[in-house]
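Everything below concerns the one structure shown next.
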Ligand SMILES: NC(=O)c1ccc[n+]([C@@H]2O[C@H](COP(=O)([O-])OP(=O)(O)OC[C@H]3O[C@@H](n4cnc5c(N)ncnc54)[C@H](O)[C@@H]3O)[C@@H](O)[C@H]2O)c1
């Protein structure tokens with residue numbers, strides 16, 4: 001399949017690698033020719049790195065051979081079946097680009113934006129076929145984090161959502177569908193919740209910024225590499241999510257209230273989470289799952305102990 005990428009900055013280059021690594025022909029467009037001049041070296045450096053890490057099945061130069069560049073948007077999108085827009089996060093700019101893409105491509109082509117916070121409804125107004133505009137927001141860089149939030153607007157067609165999810169899966173991503181457009185989507189909302197609290201704790205003299213980072217890297221980060229917040233809660237109390245919520249819900253509610261948040265874990269909400277998570281973390285398997293978690297944590301600890309790349313905070 002031919003993939004067109006619009007914008008050759010950090011995300012555009014990373015998407016080019018992700019799609020070309022999976023065998024697709026990729027054309028990258030940028031309005032700034034100097035950006036395209038340096039792209040090839042940038043791509044080779046990143047691919048050489050992935051190759052040295054044993055993460056490629058082909059020679060880097062073979063993969064780069066599938067990536068072409070042009071300052072001509074029409075040439076870039078000609079015969080493309082999927083476009084990934086990676087221009088700066090400015091609503092007027094994305095609106096103009098999507099208007100051009102709508103004009104230059106057939107209505108069967110999926111037009112995806114890497115937007116970090118703007119939903120497609122913010123920039124699809126000038127399109128004749130807004131049903132093919134969708135946000136595909138990657139973790140950076142997608143060839144290592146491999147998560148992408150797929151966010152349809154209220155007019156994006158279900159077929160576009162399905163085809164986008166399939167393509168992302170085929171290129172090795174773990175696409176997650178966000179059901180409603182919401183500012184910041186989910187990745188940045190979760191990150192934002194942590195950052196908000198971290199800033200408030202530093203402001204209030206509770207802890208230093210470096211110590212926040214140590215709590216994250218030595219504690220929550222290790223844990224979250226193995227289990228998400230709901231998986232963690234499922235194993236932090238022997239009775240699973242319901243048990244955890246009954247033990248901890250009020251305390252977390254009081255902490256939220258201190259920050260003017262009024263989001264209690266209501267019984268129906270806890271039930272909804274417990275039902276979904278219960279399929280993975282059966283209470284009857286609690287001990288076996290705890291053992292499995294601990295084995296994973298032991299592996300992470302061994303990796304950290306033997307690697308030179310986990311020592312950002314060593315001399316703090
Ligand atoms: N950097 C991140 O960590 C990250 C993560 C996820 C999503 N995103 C999103 O991805 C998008 C791109 O971010 P980035 O960090 O790669 O930006 P960047 O500034 O590194 O790159 C943007 C590129 O777009 C080019 N450009 C500007 N106008 C253009 C136009 N009209 N047509 C074609 N190209 C044009 C610029 O010359 C530049 O090379 C943004 O929406 C951003 O929010 C960024």
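The values are calculated or read from the model by the stated rules, or taken from the named source; none is laboratory data. Note that the structure is a prediction, hence the values are computed from the model and not measured. No Cβ is skipped: glycine too gets one built from the backbone with ideal geometry, and neighbour counts run over all protein chains shown.
For the range 1-14, the set of residues classified as farther than 19 Å from residue 100 by Cβ and away from the ligand (no atom under 13 Å from the Cβ) consists of 1 only.
What number of residues within the range 27-66 satisfy the criterion of being within 15 Å of the ligand (Cβ to nearest atom) and either in a loop (DSSP other than H, G, I, E, B) or in contact (Cβ under 8 Å) with a residue 24 or more places away in the chain (or both)? Total meeting the criteria: 14.
Within 13 Å of the ligand (Cβ to nearest atom) and either modelled with pLDDT of 95 or more or not assigned by TED's automatic domain parsing to the domain that holds residue 11 (or both), is that true of residue 133?
It is false that residue 133 is within 13 Å of the ligand (Cβ to nearest atom) and either modelled with pLDDT of 95 or more or not assigned by TED's automatic domain parsing to the domain that holds residue 11 (or both).
Scanning the range 131-153 for residues that are in contact (Cβ under 8 Å) with a residue 12 or more places away in the chain and more than 17 Å from residue 110 (Cβ to Cβ) yields 139, 140, 141, 143, 146, 147.
Here is a check on your reading of the model: is residue 168 surrounded by 15 or more Cβ atoms within 10 Å (Cβ to Cβ) and at pLDDT 95 or above? Here the answer is yes, as residue 168 does meet what is asked.
Taking the range 210-316 and the helices (runs of 4 or more DSSP H) fully enclosed by it, the elements with 3 or more residues that are exposed (fewer than 15 other Cβ atoms within 10 Å of the Cβ) are at 221-226, 240-258, 267-278, 286-306. In the set (1) surrounded by fewer than 17 Cβ atoms within 10 Å (Cβ to Cβ); (2) away from the ligand (no atom under 12 Å from the Cβ); (3) in contact (Cβ under 8 Å) with a residue 60 or more places away in the chain, the condition left unmet by residue 17 is number (1).
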